[in-house]
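The values are calculated or read from the model by the stated rules, or taken from the named source; none is laboratory data. Since this is a predicted model, take the numbers as computed values, not measurements. Here the Cβ positions follow ideal geometry from the backbone for every residue, glycine too, while neighbour counts run over all protein chains shown. The protein model used for the area step is the full one, side chains on, heavy atoms only, and it has no ligands, DNA or RNA in it. Shrake-Rupley method; radii C 1.70, N 1.55, O 1.52, S 1.80 Å.
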Amino acid sequence: ERLARFSVRRPWAVVGGWAAVLVLSLISASMIGDVLSTGAENFVATDSSRGNDLLEQRLLGVIPGQETIVVQSADRTVDDPAYRAFISSLTDDVRALADDVVSAVSVADSDTIPVSADGKTTLIAVTLTDEVLKADQHIEPLLDLLASRDGIDGFTVTTVGDGSVAVAFTHQSESDLQTAEIYGIPVAILILVAVFGALVAAGLPLLLGLISIVVAIGLAAVVGRAFDLSIFMVNFVTTMGLAVGIDYALIIVKRVREERES
């Protein structure tokens, strides 16, 4: 009640306070990418997680990320000199990447190359410099290199592993968020206009939802300085912010209408 009375007595102070919060939240939210992670880290210790920690500390060390490059030709086999030359060149290019990207590459010009039954598909094993949970942080140069070699001389070059899968999850998350914004917000506006019968009244619940999203992401960017947050956090916050923000705004508008009619 005291908060409500203060808001009525000092409306511009309240508006100014929220404007300041919004500006600070926008600045903080712009840095949310620094604290997002695609890794699946356990924050509650279990027997298996403690076992993994002991293995890393006493035997294995930090486990690096792994990538498996798949090279395929439609009409050549691995015995073809052109095929072997392509594999050798690709391996040399991967080895030449910076030390913060790749730490080791399998010997692609030996007789122990893993080959498919038809001899047209082979693999190149790559060990990344980053550990598994951070495998996506420096993998872009490797992905760019493989993309530039894909389709050259009839060879298909793809990769799968800790870093590439994490990057794919990130891109999919961003795509889903864009889809939600493109379709979700216009649909919400149409529904609100139909409910309220006025564009301004329909815009208030949507504005409340958008402000709550910005503030929540800004706070998350601060909290994320202590530990990494999931890449899907932005999707969750956006969906919940629109849903809950609009829902509570509808309740408030409904109560105001009831009070005015009574």
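Numbers for the structure displayed
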item: Helix-derived mean residue ellipticity, 222 nm - over the chain, DSSP H n ≥ 4, -39500 (n - 2.57), to 500; result: -18500 deg cm²/dmol
item: Residue-wise HN-Hα coupling along region 26-32, computed from phi with Karplus coefficients 6.51, -1.76, 1.60 (Hz; x: Gly, Pro); result: 4, 5, 5, 5, 5, 9, 5
item: Ellipsoid equivalent to the chain - semi-axes via the Cα gyration tensor, in Å; result: 53, 23, 15
item: Accessible area in the full protein assembly, largest first, 1.4 Å probe, for I124, I182; result: I182, I124
item: Region 67-193 - accessible surface per residue (Å², probe 1.4 Å); result: 53
item: Pairwise label distance in nanometres, S103 with D118, each label 7 Å out on the Cα-Cβ vector; result: 3.7
item: Surface accessible to a 1.4 Å probe, S89 within the full protein complex, Å²; result: 50
item: Accessible carbon and sulfur surface of region 154-262 relative to its total accessible area, %, 1.4 Å; result: 71
item: Amide H contacts under 5 Å for F155, placed H, 5+ residues apart; result: none
item: Heavy atoms of F227: accessible area, 1.4 Å probe, square angstrom to 10; result: 90
item: Dipole of the chain [Lys/Arg +1, Asp/Glu -1 at C-beta], most positive-end residue of S25, A96, F169; result: S25
item: Kirkwood hydrodynamic radius of region 172-257, from inverse mean 1/r over distinct Cα pairs, in Å; result: 13.8
item: Radius 15 Å from Cβ of S103, net charge of other residues (Lys, Arg +1; Asp, Glu -1); result: -4
item: Solvent-accessible surface (1.4 angstrom probe) belonging to L133, in square angstrom, nearest 10; result: 60
item: Amide H within-cut-off set for Q66, under 5 Å, with H built and near neighbours excluded; result: L128, D162, G163
item: Sequence-separation-based contact order of the chain, relative, with Cα cut under 8 Å and 6+ spacing, percent; result: 26
